[in-house]
């Protein structure tokens, strides 16, 4: 408890700033999910507070994120469709799935599985993150131009015959359930069918129209029709929001540009009474637990979604732990992965009970918190309390926010969440596989496959397929290259024979590290710890790479990050015995010669030792 209050001023400023940054995103993610802005706020409030309180990353700010919202959107749409388009009717099952995902995360933490998250290959993560951006962009086109399929009378009318079929089918199912369906006598069926009202048919038609236009494929299908029915006011509000978000960043980053855009555009729209479409009303008062998820619980309603809940929990774990690594790099601390999973699971579970959408560690909000002075768990808890106070005081004002403004905010989120680093690397990655006469890069193939499947089919299966293909390709490469066990761990090793003549006077100034075996996505975590092993007296590091036959994209970026850290500390790095494939990879992204000039790459240790004797002085 003492440590919790050791940095009250910095944590308060960090938490308040992060809470303000989170506000527009929480509202936008809530609307995007399909459960309304309050679901995004509830998720941000409870996840931020409890994930900070029980988590293992001191400076982490958690809440709804783009990946978690994209997957939640799919789950919500599926359960709502199975409940005749009624969100209220589907809500207990939706929240039960979210609760289950949180409980699974707690279980993963207690089982100590947090350390295994690092085995997700970079191309899978890259393809998935870019897909999230594409999904958000495609699904936000319609609200940004003010087109809502359920309100397009002509479009809805197309589904009237299908709606009548669905209603009649439901009547037959009801009769079968009651045991009164008799094939020889349809009198009761006819009697019930005659009681169907035009309003019922219209509502079912709207449900079918919304289902047809849902998701990325649905948005593309109705896009031609939407472009013929543009609401120019809504489009101007969305474009104005996007313009301010990007433009204000050029002026200053001290004030969150999303908040500035939200306030300015909403203020203009409301102040001039422009007749815009507002978001749904945000309930005032303290959030109330949605106990119907327990009282109306039905195992059958969530059984089809158990695998989905598992995947949602794993995604949240990956999302959070990646942000934890970012926080570690900024604060020079070390997070506790299993404790972080338990904290995230508790936060998501409590958020689900109160009707909030699930979330994870949010990178931008965490960075904002650290830069503003946050150092302990108190900052994340303050961010949650800050959002609760804003909701209690300003729920009426927030309900006046134009829907197009949140669509504009989400479009910038979609653009920002894409992995441009991975996309830029596509032309330069080695073409290591052949499909018929065509040569392709296996890592690019995996990235694009995950991107395409996630965008147009299923996020969950896409990641699974990507992992399987990446694992198979990796096993083949390693089988082809070497059977030697990978060893890049940060352990002290014995000197090699040719190092016996190394000057004892320079052992304080020079650190030698041997890398044996491939540097790939499964060994990057141990490799990243290498910088901690280097003594403070050493200003020259020799990396002996003669036994590192292969490096993948994850290993490449781990090497780049390590060299960047060493360069900042004024440590020069020498390569000895660098092999062809790793050299090709490092040349493609500029590690050679940007971090390691050619004169610092030696064919053997003898030539390196000669350079050391001429250029390194005995200081200690």
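Which one is nearest to residue 531 (Cα to Cα), of the residues in the stretch 465-507 that are in a loop (DSSP other than H, G, I, E, B) and modelled with pLDDT of 65 or more? Ranking the qualifying residues of the stretch 465-507, first place goes to 507.
When the stretch 341-376 is filtered for residues that are part of a helix (DSSP H, G or I) and crowded, with 24+ Cβ neighbours inside 10 Å, the ones remaining, listed by number, are 341, 343, 344, 345, 347, 348, 351, 352, 365, 366, 369.
Of the residues that make up the stretch 271-290, is at least one surrounded by 19 or more Cβ atoms within 10 Å (Cβ to Cβ), touching a strand residue (DSSP E or B) at 6+ places or on another chain (Cβ under 9 Å), in a helix (DSSP H, G or I) and modelled with pLDDT of 90 or more? Checked the stretch 271-290: no residue is surrounded by 19 or more Cβ atoms within 10 Å (Cβ to Cβ), touching a strand residue (DSSP E or B) at 6+ places or on another chain (Cβ under 9 Å), in a helix (DSSP H, G or I) and modelled with pLDDT of 90 or more. For the stretch 291-305, the criterion of being part of a helix (DSSP H, G or I), surrounded by 18 or more Cβ atoms within 10 Å (Cβ to Cβ) and out of contact with any helix residue (DSSP H, G or I) (no Cβ under 7 Å at 6 or more places or on another chain) is met by no residue. Within the stretch 585-611, the residues that satisfy the criterion of being touching a strand residue (DSSP E or B) at 6+ places or on another chain (Cβ under 6 Å) and part of a helix (DSSP H, G or I) are 585, 600, 605, 608. Residues to consider are 439, 431; find the one that is farther than 30 Å from residue 239 by Cβ, part of a loop (DSSP other than H, G, I, E, B), assigned by TED's automatic domain parsing to the domain that holds residue 464 and without any contact (Cβ under 8 Å) to a residue 24 or more places away in the chain. Residue meeting the stated conditions: 431.
Checking every residue in the stretch 112-132 against the condition of being crowded, with 20+ Cβ neighbours inside 10 Å and over 20 Å from residue 464 (Cα atoms) gives zero matches. Regarding residue 172, is this residue modelled with pLDDT of 90 or more and part of a helix (DSSP H, G or I)? So residue 172 does not fit the description; no. With respect to (1) farther than 23 Å from residue 605 by Cα; (2) surrounded by fewer than 17 Cβ atoms within 10 Å (Cβ to Cβ), the lone exception for residue 535 is condition (1). Note on the stretch 150-170: residues that are over 13 Å from residue 202 (Cα atoms) and in contact with a helix residue (DSSP H, G or I) (Cβ under 6 Å, 6 or more places away or on another chain) amount to 0.
Filter the stretch 388-411 for residues that are in contact with a strand residue (DSSP E or B) (Cβ under 8 Å, 6 or more places away or on another chain) and either surrounded by 23 or more Cβ atoms within 10 Å (Cβ to Cβ) or outside the structural domain of residue 53 (by TED's automatic domain parsing) (or both) and give the result. Selection gives 401, 402. For the stretch 207-261, the tally of residues that are within 29 Å of residue 89 (Cα to Cα) and outside any helix (DSSP H, G or I) stands at 2.
The values are calculated or read from the model by the stated rules, or taken from the named source; none is laboratory data. Since the model is a prediction, treat every value here as computed from it, not as a measurement. Cβ: placed from backbone, ideal geometry, glycine included. Neighbour counts: every protein chain shown.
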